[in-house]
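Taking it in order: structure first as C-alpha coordinates, then the write-up.
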Amino acid sequence: MPADLSTIEKFIDSFMSSQIHQIFDKQQLQCAVDTSEAWIWRARAQVLLGLRDEISRTDAKPSGNTQDFPLEAKLRAQNIPHSLRKMAADLPKTIPLAAQRAHEKGIIGEVVPGYFDDFGVVMKIENNDVPTEQRRSATVPYSFLDPDHLDALRKIAESRFLAFAWALGKIDKWCPEKASELVPINPVNAI
(Lines give C-alpha, C1' and ligand atoms only; values in the text may rest on other atoms or scores of the structure.)
Protein backbone atom coordinates (compact mmCIF):
# COMPACT_ATOMS: atom_id res chain seq x y z
CA MET A 1 0.00 0.00 0.00
CA PRO A 2 1.46 3.40 -0.86
CA ALA A 3 2.50 5.63 2.03
CA ASP A 4 1.60 8.84 0.16
CA LEU A 5 -2.19 9.29 -0.03
CA SER A 6 -1.91 11.11 -3.36
CA THR A 7 -0.66 7.90 -5.02
CA ILE A 8 -3.50 5.61 -3.86
CA GLU A 9 -5.54 6.06 -7.05
CA LYS A 10 -2.54 5.24 -9.25
CA PHE A 11 -1.76 2.23 -7.04
CA ILE A 12 -5.30 0.85 -7.31
CA ASP A 13 -5.46 1.55 -11.06
CA SER A 14 -2.27 -0.48 -11.56
CA PHE A 15 -4.08 -3.59 -10.29
CA MET A 16 -7.38 -2.86 -12.00
CA SER A 17 -6.03 -2.13 -15.47
CA SER A 18 -6.05 -4.99 -17.96
CA GLN A 19 -3.51 -3.10 -20.08
CA ILE A 20 -0.66 -3.50 -17.62
CA HIS A 21 1.48 -6.59 -18.00
CA GLN A 22 3.03 -8.11 -14.93
CA ILE A 23 6.71 -8.96 -15.15
CA PHE A 24 7.68 -12.20 -13.44
CA ASP A 25 11.05 -13.51 -12.50
CA LYS A 26 11.73 -16.39 -14.92
CA GLN A 27 13.22 -18.56 -12.19
CA GLN A 28 10.16 -18.07 -9.96
CA LEU A 29 7.86 -18.85 -12.86
CA GLN A 30 9.83 -21.98 -13.73
CA CYS A 31 9.65 -23.13 -10.10
CA ALA A 32 5.86 -22.61 -10.07
CA VAL A 33 5.49 -24.55 -13.35
CA ASP A 34 7.70 -27.36 -12.00
CA THR A 35 5.59 -27.54 -8.84
CA SER A 36 2.40 -27.64 -10.88
CA GLU A 37 3.76 -30.41 -13.09
CA ALA A 38 4.86 -32.46 -10.07
CA TRP A 39 1.41 -32.29 -8.48
CA ILE A 40 -0.43 -33.08 -11.73
CA TRP A 41 1.90 -36.04 -12.20
CA ARG A 42 1.13 -37.26 -8.67
CA ALA A 43 -2.62 -36.82 -9.17
CA ARG A 44 -2.50 -38.79 -12.43
CA ALA A 45 -0.34 -41.45 -10.79
CA GLN A 46 -3.03 -41.88 -8.14
CA VAL A 47 -5.65 -42.42 -10.84
CA LEU A 48 -3.44 -45.14 -12.35
CA LEU A 49 -2.95 -46.70 -8.92
CA GLY A 50 -6.72 -46.88 -8.62
CA LEU A 51 -6.83 -48.75 -11.92
CA ARG A 52 -3.93 -51.15 -11.30
CA ASP A 53 -6.02 -54.30 -10.94
CA GLU A 54 -7.99 -53.49 -14.03
CA ILE A 55 -4.91 -52.53 -16.02
CA SER A 56 -3.27 -55.83 -15.17
CA ARG A 57 -6.10 -57.69 -16.93
CA THR A 58 -5.82 -58.27 -20.64
CA ASP A 59 -9.20 -56.77 -21.47
CA ALA A 60 -10.28 -53.59 -19.72
CA LYS A 61 -14.00 -53.85 -19.05
CA PRO A 62 -16.19 -51.14 -17.55
CA SER A 63 -16.40 -51.37 -13.78
CA GLY A 64 -19.96 -50.13 -13.63
CA ASN A 65 -18.75 -47.13 -11.63
CA THR A 66 -20.73 -44.17 -12.92
CA GLN A 67 -18.54 -41.59 -11.20
CA ASP A 68 -15.31 -42.25 -13.09
CA PHE A 69 -12.86 -39.42 -13.52
CA PRO A 70 -12.33 -38.40 -17.18
CA LEU A 71 -8.91 -40.08 -17.36
CA GLU A 72 -10.27 -43.33 -15.86
CA ALA A 73 -13.24 -43.34 -18.24
CA LYS A 74 -10.95 -42.73 -21.19
CA LEU A 75 -8.65 -45.61 -20.22
CA ARG A 76 -11.57 -47.96 -19.73
CA ALA A 77 -13.05 -47.04 -23.12
CA GLN A 78 -10.01 -48.25 -25.05
CA ASN A 79 -7.48 -51.04 -25.05
CA ILE A 80 -4.82 -50.15 -22.55
CA PRO A 81 -1.32 -50.26 -24.10
CA HIS A 82 1.42 -52.43 -22.64
CA SER A 83 3.54 -49.37 -21.72
CA LEU A 84 0.73 -48.04 -19.53
CA ARG A 85 0.33 -51.43 -17.88
CA LYS A 86 4.04 -51.47 -17.05
CA MET A 87 3.87 -47.90 -15.77
CA ALA A 88 0.97 -48.79 -13.48
CA ALA A 89 2.79 -51.85 -12.20
CA ASP A 90 5.93 -49.79 -11.45
CA LEU A 91 4.14 -46.90 -9.69
CA PRO A 92 4.66 -48.20 -6.14
CA LYS A 93 8.43 -47.97 -6.81
CA THR A 94 8.24 -44.80 -8.92
CA ILE A 95 6.24 -42.60 -6.54
CA PRO A 96 8.85 -42.66 -3.72
CA LEU A 97 11.64 -41.91 -6.20
CA ALA A 98 9.67 -39.04 -7.73
CA ALA A 99 8.82 -37.67 -4.28
CA GLN A 100 12.45 -37.72 -3.16
CA ARG A 101 13.65 -36.12 -6.41
CA ALA A 102 10.98 -33.41 -6.29
CA HIS A 103 11.83 -32.69 -2.65
CA GLU A 104 15.57 -32.54 -3.36
CA LYS A 105 14.95 -30.10 -6.22
CA GLY A 106 12.77 -27.93 -3.97
CA ILE A 107 9.68 -28.56 -6.08
CA ILE A 108 7.60 -29.96 -3.23
CA GLY A 109 7.90 -28.98 0.39
CA GLU A 110 7.11 -32.20 2.21
CA VAL A 111 7.84 -35.88 1.71
CA VAL A 112 6.47 -38.36 4.20
CA PRO A 113 9.55 -40.46 5.02
CA GLY A 114 9.64 -44.12 5.82
CA TYR A 115 7.73 -46.94 4.23
CA PHE A 116 5.37 -44.55 2.41
CA ASP A 117 7.85 -42.12 0.82
CA ASP A 118 5.19 -40.03 -0.86
CA PHE A 119 4.23 -36.44 -1.55
CA GLY A 120 3.23 -34.92 1.76
CA VAL A 121 -0.07 -33.11 2.08
CA VAL A 122 -0.35 -30.79 5.07
CA MET A 123 -3.79 -31.05 6.61
CA LYS A 124 -5.31 -29.12 9.49
CA ILE A 125 -6.60 -31.34 12.25
CA GLU A 126 -10.18 -30.34 12.88
CA ASN A 127 -11.09 -30.06 16.52
CA ASN A 128 -13.92 -27.68 17.26
CA ASP A 129 -13.04 -27.69 20.97
CA VAL A 130 -9.77 -25.88 20.21
CA PRO A 131 -9.51 -22.27 18.92
CA THR A 132 -8.59 -22.09 15.22
CA GLU A 133 -5.16 -20.54 15.84
CA GLN A 134 -4.24 -23.42 18.20
CA ARG A 135 -5.26 -26.22 15.87
CA ARG A 136 -2.43 -28.40 14.75
CA SER A 137 -1.61 -29.76 11.35
CA ALA A 138 -0.19 -33.05 10.18
CA THR A 139 1.58 -34.15 7.03
CA VAL A 140 -0.18 -37.10 5.45
CA PRO A 141 1.03 -39.24 2.52
CA TYR A 142 -0.89 -38.39 -0.64
CA SER A 143 -1.95 -42.01 -1.04
CA PHE A 144 -3.61 -42.02 2.41
CA LEU A 145 -6.19 -39.39 1.45
CA ASP A 146 -9.83 -40.37 1.08
CA PRO A 147 -11.48 -40.23 -2.38
CA ASP A 148 -13.02 -36.78 -1.75
CA HIS A 149 -9.66 -35.23 -0.85
CA LEU A 150 -7.93 -37.01 -3.75
CA ASP A 151 -10.56 -35.66 -6.12
CA ALA A 152 -10.21 -32.13 -4.72
CA LEU A 153 -6.41 -32.18 -5.01
CA ARG A 154 -6.60 -33.58 -8.54
CA LYS A 155 -8.95 -30.78 -9.57
CA ILE A 156 -6.68 -28.16 -7.99
CA ALA A 157 -3.62 -29.65 -9.72
CA GLU A 158 -5.43 -29.75 -13.07
CA SER A 159 -6.64 -26.16 -12.71
CA ARG A 160 -3.19 -24.83 -11.83
CA PHE A 161 -1.62 -26.82 -14.64
CA LEU A 162 -4.25 -25.59 -17.09
CA ALA A 163 -3.68 -22.01 -15.94
CA PHE A 164 0.09 -22.23 -16.54
CA ALA A 165 -0.39 -23.93 -19.92
CA TRP A 166 -2.80 -21.18 -20.98
CA ALA A 167 -0.69 -18.32 -19.57
CA LEU A 168 2.44 -19.64 -21.30
CA GLY A 169 0.68 -20.09 -24.64
CA LYS A 170 0.81 -23.91 -24.63
CA ILE A 171 -2.95 -24.01 -25.23
CA ASP A 172 -4.94 -21.46 -27.19
CA LYS A 173 -8.19 -21.52 -25.25
CA TRP A 174 -9.34 -22.20 -21.72
CA CYS A 175 -11.02 -25.60 -21.67
CA PRO A 176 -11.14 -27.35 -18.26
CA GLU A 177 -12.68 -30.46 -19.87
CA LYS A 178 -9.40 -31.04 -21.71
CA ALA A 179 -7.17 -30.73 -18.63
CA SER A 180 -6.63 -34.49 -18.48
CA GLU A 181 -5.24 -34.41 -22.03
CA LEU A 182 -2.55 -31.80 -21.38
CA VAL A 183 1.07 -32.85 -21.76
CA PRO A 184 3.94 -31.43 -19.66
CA ILE A 185 4.80 -27.78 -20.18
CA ASN A 186 8.53 -28.43 -19.76
CA PRO A 187 10.28 -30.37 -22.53
CA VAL A 188 11.42 -32.81 -19.83
CA ASN A 189 9.06 -33.26 -16.90
CA ALA A 190 10.40 -31.55 -13.77
CA ILE A 191 10.63 -34.80 -11.83
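Tally the residues that are open to solvent by 40 Å² or more (accessible area, probe 1.4 Å) and either within 17 Å of the chain's Cα centre (by Cα) or at pLDDT 90 or above (or both), restricting the search to the stretch 128-162.
Number satisfying all stated conditions: 13.
Please go through (1) closer than 23 Å to LEU49 by Cα; (2) in a loop (DSSP other than H, G, I, E, B) for LEU162 and return the number of the only condition it doesn't satisfy.
The one condition LEU162 does not meet is (2).
The values are calculated or read from the model by the stated rules, or taken from the named source; none is laboratory data. Just so it is clear, the structure is predicted and the values come from calculations on it, not from any experiment. With ligands, DNA and RNA removed, areas are computed over all heavy atoms of the protein, side chains included. Shrake-Rupley method; radii C 1.70, N 1.55, O 1.52, S 1.80 Å.
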